[in-house]
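To keep things clear, I will list the structure first and then write my remarks on it.
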Amino acid sequence: MDEEFHILIVDDEPNIRSGLAKGLKQEADYIETAGTVNEALDKFDSGAFQLVIADVRLPGDRGGLELVSLVQQRKPNTTVIVITAHGTVETAVDAMRRGAFDFITKPVDLNLIRQQVAKAAKHHRLQVENRQLKEKLAEAGEITGIVGNCRALTELLTQIRQIADTDATVLIRGESGTGKELIARAIHDFSARSTGPFIAVNLGALPETLLESELFGHEKGSFTGASRQKPGCFEQSAGGTLFLDELTEIPAKSQVDLLRVLETGQYARVGGEESLQSDARIVSATNRDIAHLVEDGEFREDLFYRLNIVPIEVPPLRQRRDDIPILVDHFLDHFCSRHRRTEKTINVDAMAVLIGASWPGNVRQLRNVIERLVVTVTSDVITASDLPNELTTKAGIVEGRVRSLAEVAEAAEKNAIQSALVANDFHREQTAKVLGVSVRTLHYKMNRYGLH
Ligand SMILES: Nc1ncnc2c1ncn2[C@@H]1O[C@H](COP(=O)(O)OP(=O)(O)OP(=O)(O)O)[C@@H](O)[C@H]1O
Ligand SMILES: [Mg+2]
């Protein structure tokens, strides 16, 4: 820590002043003393003190308690310890309410006060570090677009910065809508590969045959419709990052192919002979319990270990409610300007509902709710009665007046799958057939919509 630690001692008794100054010499870089509140304020204003130790009873019309308030008004980050007469608990409580860090009782025990000063110094150092970290993160937020400063998220961002420059594979786990893709992009943006491409592929979206060609590319004429050579995701992401989204949805055959690339660094285009060298950093994501799938033999253990060198866990929104107010403000700003609305605010009651909601769809759901409010609420202040019922009633039921097209489509799809499942006694193969999708796609969608 490069910042110095300066102490100001305020007491009307010269003996106590000099005794304390001498006794605390080891704990500080610089010590100054004062006998009255006025003298103390003069010295405080012309110096840079991190700690003030003040007697409560001082001569003149202002005492130590006023000094606590005055110091806190001037520099809220200053730590204050007050000295009170023995047995005056009320005074001590009053001092703490005014922002004092701690109190000591007379007669002053030098050893005890040394300990308290050491504690205050540590507290101060932590505060400074915390502030510096917050500033850095604010900077980071501007790069990544990740909003939030709860402990879990700040630790996560620190971790991302640390591992960004290595080529280690990263596996991001977290519920749907928690920001996994945003984090994958942040890893890319912080890395030396940031000038290279970021290529995302959804492993759940394609059937096995197409997936192979999507990942590794194909040669001209390798199958019907392959009218020319096409590079795959591995080739496209050379020098950059390849993001494998919905990792657990990858078919068994492709798991083997992927493992081979990770082990040897080599692959070939479909229908091609040439051995190509992979130069992509792999980041993958899943919202399922992959460890469980490994146990059940649905996901290859060897592949899991290769991809999971750096595991990153994104907590659901309900476990980081501290972030909800800043996310709300962020999305309000964002959508008001995008939809050209005048700036809107949200009242305390409405905010309380948002902070307390269960958010099964996490940040994505919050984002959708705020967008809808920006579009539908005509007054400048959003109140609790404007909020959709889904937040206060059964989770997940969307009761919207204006809904985005994507939401309408999703709701319709969810409904169709639900009815088909019921009509077919939850027989999955049969349901998939009726709906005209593969069983794998059905599983993926069921998982996505929470249908079990
Ligand atoms: N911390 C955050 N700050 C700002 N926006 C966020 C944050 N987390 C998520 N979002 C936004 O929420 C939406 C969902 O995030 P994202 O697509 O990264 O989630 P996901 O975890 O990949 O979800 P899924 O598992 O459903 O694919 C995006 O619009 C994203 O920008
Ligand atoms: Mg995603």
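Restricting to DSSP H runs of at least four residues, report the calculated mean residue ellipticity at 222 nm for the chain, -39500 (n - 2.57) per run over all residues, nearest 500 deg cm²/dmol.
-14500 deg cm²/dmol
Provide the packing ranking of 219-230, 265-276, i.e. peptides ordered by the mean count of other C-beta atoms within 10 Å per residue, highest first.
265-276, 219-230
Within the set of other residues whose C-beta is less than 11 Å from the C-beta of ALA120, count the net charge using Lys and Arg as +1 and Asp and Glu as -1.
+2
Rounded, prolate or oblate for segment 235-278? Axes are the square roots of the Cα gyration tensor eigenvalues, ordered a ≥ b ≥ c, and the cut-off for rounded is a/c under 1.5.
oblate
Would you mind computing, in nm to one decimal, how far apart the modelled labels at ARG440 and ASN389 are, each placed 7 Å from Cα along Cα→Cβ?
It works out to 4.0 nm between the two label points.
Quote the relative contact order of the chain in percent (integer), defining contacts as alpha-carbon pairs under 8 Å separated by 6+ residues.
Relative contact order, the chain: 11 percent.
Can you figure out the FRET efficiency of GLU410 with SER222, using R₀ = 25 Å and their beta-carbon distance, to the nearest 0.05?
For GLU410 and SER222, the calculated efficiency is 0.10.
Given the pairs LYS253/LYS433; LYS43/LYS122; LYS344/LYS445; LYS75/LYS122; LYS22/LYS106, which span a C-alpha to C-alpha distance of over 25 angstrom in this model?
LYS344/LYS445, as the Cα separations exceed 25 Å there.
So how do 101-107, 373-379 stack up, highest first, on mean other-Cβ count within 10 Å?
Order by mean packing, descending: 101-107, 373-379.
Hey, if you put +1 on the Cβ of every Lys and Arg and -1 on every Asp and Glu Cβ in the chain, which of GLN50, LEU133, ASN424 ends up farthest toward the positive end of that dipole?
Farthest towards the positive end: ASN424.
Between LYS119 and TYR305, 0.36 nm times their residue separation minus their Cα-Cα distance comes to what?
Computed gain between LYS119 and TYR305 is 62.6 nm.
HN-Hα J couplings of segment 58-74 from phi, Karplus 6.51/-1.76/1.60, θ = phi - 60°, integer Hz, Gly and Pro as x?
Calculated HN-Hα couplings, in order: 10, x, x, 7, 10, x, x, 5, 4, 4, 4, 4, 5, 5, 5, 5, 6 Hz.
Quick check on packing: order 174-181, 69-76 by the mean number of other C-beta atoms within 10 Å, highest mean leading.
In decreasing order of mean packing, 174-181, 69-76 become 174-181, 69-76.
Assuming R0 = 41 Å, what is the FRET efficiency of ASP289 and MET96, from their Cβ-Cβ distance, to the nearest 0.05?
That pair, ASP289 with MET96, gives E of 0.35.
With only Lys, Arg, Asp and Glu charged, each at its Cβ (+1 for the first two, -1 for the last two), find how big the charge dipole of the chain is about the Cα centre; round to the nearest 20 debye.
Dipole of the chain, to the nearest 20 debye: 700 debye.
Can you give the FRET efficiency for THR264 and ARG57, using 1/(1 + (r/R0)^6), R0 = 60 Å, r = Cβ-Cβ distance, to the nearest 0.05?
0.15
How much net charge surrounds ALA152 when only the other residues with a Cβ under 10 Å from the Cβ of ALA152 are counted, with Lys and Arg +1 and Asp and Glu -1?
Result for the local shell: -2.
Tell me, in nm to one decimal, what length is gained between ASP12 and ARG161 on full extension, where the rule is 0.36 nm per residue of separation less the Cα-Cα distance?
Taking 0.36 nm per residue and subtracting the Cα distance, the gain is 48.5 nm.
Please state the shape class of segment 166-302: rounded when a/c is under 1.5, otherwise prolate if a/b exceeds b/c and oblate if not, all from the C-alpha gyration tensor.
Oblate, because a/c is 1.5 or more while a/b does not exceed b/c.
Length gain on complete extension for the stretch ARG428 to ASN130, per 0.36 nm per residue less the alpha carbon to alpha carbon distance?
Taking 0.36 nm per residue and subtracting the Cα distance, the gain is 102.1 nm.
None of the figures in this text is laboratory data; all of them are computed from the coordinates on show. On a predicted model such as this, the values are computed, not experimentally measured, just so you know. Quick reminder, even Gly has a Cβ in these numbers, built from the backbone with ideal geometry, and neighbours come from all protein chains shown.
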